[in-house]
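Okay, so here's the structure we're looking at.
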Ligand SMILES: NC(=O)c1ccc[n+]([C@@H]2O[C@H](COP(=O)([O-])OP(=O)(O)OC[C@H]3O[C@@H](n4cnc5c(N)ncnc54)[C@H](O)[C@@H]3O)[C@@H](O)[C@H]2O)c1
């Protein structure tokens, strides 16, 4: 059983919730994050914090000092749009940064890596729904290509290095601490704009469907993956589809927003319809989602309402 865990991206949205869950469950936790999108105030006060870029030489010293048993890797450039505009920059962080981290994990005796991949970005437009892990992977963006590439590195190199791994392929994650000013995360962006009474733009007709999963459900998947799911890749989603228009309607009701949405051009690199089969996560990790969309959105709006400045 692991007792010492290092979380990369632990000052970010998902990573900081994973850190909280690890600390609350008695793990000794360290965080690596360059604070490019993460925030120091997200980091649990009982976690040791290192402001380090994955590609910086000092990452080696952090691993040598900390000597964690498990590294949970969430640090990434997360914008599909940025990856389309600058695929080189995306690959520098998401491919080379990840590879460097794993190589250092091997050199410093880490037992296991848990990798945050993307069920929304690696399959492309799935052949059948719900999308299971055995479907072909045909990413439509450099971001998706990078996540898939890292999965291949883990599959090929970990047995050679004697390093265990579990890949968690997340759906569209939402919840408290997601950046409402960010490039990604429709729930946070819409909620922020609705609470400020600002116009909301939906990319395309809004009938595209996604698998929206609440961040609280991810933390339990990560805790289970610390010790289970050896050499496996598991979808982590809600197992149900919802359209962007449905999310808009839920959030408008919860925030009391009365304006109609604008419809912009559809984004390039976007999948039309996807939702994830989560059967393997149940078989392999004993994990299943527990929070329904309505309940998760209500908790998220409560968070943003209390954090939003008074109008
Ligand atoms: N949010 C989603 O819906 C979603 C879906 C699928 C997968 N994921 C993956 O989950 C992980 C966390 O995403 P998030 O939504 O919490 O995003 P986020 O931007 O809040 O978190 C990413 C964190 O990584 C840090 N970071 C970025 N580049 C770094 C670098 N070079 N070195 C060190 N730290 C760096 C950022 O400062 C940030 O704190 C990412 O790997 C992302 O690709 C997210």
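Inside segment 175-199, can you point out the residues that are more than 25 Å from residue 228 (Cβ to Cβ), within 16 Å of the ligand (Cβ to nearest atom), in contact (Cβ under 8 Å) with a residue 12 or more places away in the chain and not in a helix (DSSP H, G or I)?
176, 177, 178, 179, 180, 182, 183, 184, 185
For the subset of segment 227-237 comprising residues that are surrounded by fewer than 24 Cβ atoms within 10 Å (Cβ to Cβ) and touching a helix residue (DSSP H, G or I) at 6+ places or on another chain (Cβ under 8 Å), which member is farthest from residue 153 (Cα to Cα)?
Only one residue tops the list, namely 228.
Among the listed residues 136, 126, 142, identify the single one that is more than 16 Å from the ligand (Cβ to nearest atom) and farther than 18 Å from residue 230 by Cα.
From the options 136, 126, 142, the qualifying one is 136.
Filter segment 9-29 down to the residues that are assigned to a strand (DSSP E or B) and either buried (at least 24 other Cβ atoms within 10 Å of the Cβ) or within 15 Å of the chain's Cα centre (by Cα) (or both) and list them by number.
Hit for segment 9-29 is 29, nothing else.
Looking only at residues that are surrounded by fewer than 24 Cβ atoms within 10 Å (Cβ to Cβ) and modelled with pLDDT of 95 or more in segment 68-84, which one is farthest from the ligand (Cβ to nearest atom)?
69
Quick test of your reading of the structure: residue 46 fulfils all but one of (1) touching a residue at least 60 places away in the same chain (Cβ under 8 Å); (2) touching a helix residue (DSSP H, G or I) at 6+ places or on another chain (Cβ under 7 Å); (3) surrounded by fewer than 19 Cβ atoms within 10 Å (Cβ to Cβ). Name the failing condition by number.
(1)
Scan 213, 284 and give me the residue that is surrounded by 16 or more Cβ atoms within 10 Å (Cβ to Cβ) and either at positive phi or assigned to a helix (DSSP H, G or I) (or both). Even if it seems obvious, please write down each step before you answer.
Details: 213 fails: either at positive phi or assigned to a helix (DSSP H, G or I) (or both).
Just a single option satisfies the conditions, and that option is 284.
Determine, yes or no, whether residue 65 is without any contact (Cβ under 8 Å) to a residue 24 or more places away in the chain, assigned by TED's automatic domain parsing to the domain that holds residue 114 and either over 16 Å from the mean Cα position of the chain (by Cα) or within 13 Å of the ligand (Cβ to nearest atom) (or both).
So residue 65 fits the description; yes.
The values are calculated or read from the model by the stated rules, or taken from the named source; none is laboratory data. All figures in this text were calculated on a predicted structure; none of them were measured in a lab. A quick note on method: Cβ atoms are made from the backbone with ideal geometry, for glycine too, and the neighbour counts reach across all protein chains shown.
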